[in-house]
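First comes the structure, then the notes that go with it.
Nothing in this text is a laboratory measurement; each read-out follows from the coordinates by a stated rule. Predicted model, so just to flag it, every value in this text is computed and none were measured. Glycine gets a Cβ as well: all are built from the backbone with ideal geometry, and neighbour counts include every protein chain shown.
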Amino acid sequence: MATAKANSSTPISDKMSDALHQGVDSISERSAKTESAVREGAQHSAEALKDKQQQAKSAWQSSALKNYVDENPVATAGIAFAAGALLSSLLVKKK
């Protein structure tokens, strides 16, 4: 761009070039700020999700249902099978 500045016979072109460069620089700065804000938001969301996941895991570990499943795996499988069969029969379209 130094050659464009040295050539004073095109002042309009020089002004347009300067204006365009300023516009590009301004857009670049704004996009960098936006990217930073998006990254911070994503990091905050990931941390919040990790906390909720840990809370859910902790709640499951201390639940009575988990204890029942651990103590009665065959009965749990039977209940799950029966519930699935019942749900399937209710959802099947009758001809």
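Across Ala80, Ala32, Ala42, mean-square fluctuation computed from a Gaussian network of the chain (C-alpha pairs under 10 Å connected) peaks at Ala80.
Here the Gaussian network model covers the chain, with springs between Cα atoms less than 10 Å apart; of Gln22, Gln61, Gln43, Gln22 fluctuates the most. In the chain, helices alone account for a calculated mean residue ellipticity at 222 nm of -30000 deg cm²/dmol, with every DSSP H run of four or more residues adding -39,500 (n - 2.57).
At R0 = 41 Å, how high is the FRET efficiency between Gln61 and Ser36 if r is their beta carbon distance? Nearest 0.05 is fine. Provide the component values of the computation, followed by the final result.
Working: r = 38 Å, r/R0 = 0.92.
Calculated transfer efficiency: 0.60.
A dipole drawn for the stretch 11-62 from +1 and -1 charges on Cβ atoms has a positive end, and of Met16, Gln53, Ala42 the residue lying farthest that way is Gln53. Using Cβ point charges alone (K and R +1, D and E -1), the dipole size of the chain about the Cα centre works out to roughly 660 debye.
The structure shown yields Cα Rg over 2.2 N^0.38 Å, and of the options [x] 1.19; [y] 2.60; [z] 1.25 that calculated value carries the label [y].
In this label model, Tyr68 and Leu91 are separated by 2.2 nm, measuring between points 7 Å along each Cα→Cβ vector.
List the residue ranges in the chain for DSSP H helices whose C-alpha atoms run 20 angstrom or more along the long axis and whose Kyte-Doolittle average is 0.5 or above.
On the way: long enough: 11-61 (74 Å, -1.04); 73-91 (27 Å, 1.73).
Those that pass (Cα extent of 20 Å or more, hydropathy at least 0.5) are 73-91.
Residues considered: Gly84, Gly41, Gly23. Largest GNM mean-square fluctuation over the chain, using C-alpha springs under 10 Å, is found at Gly84.
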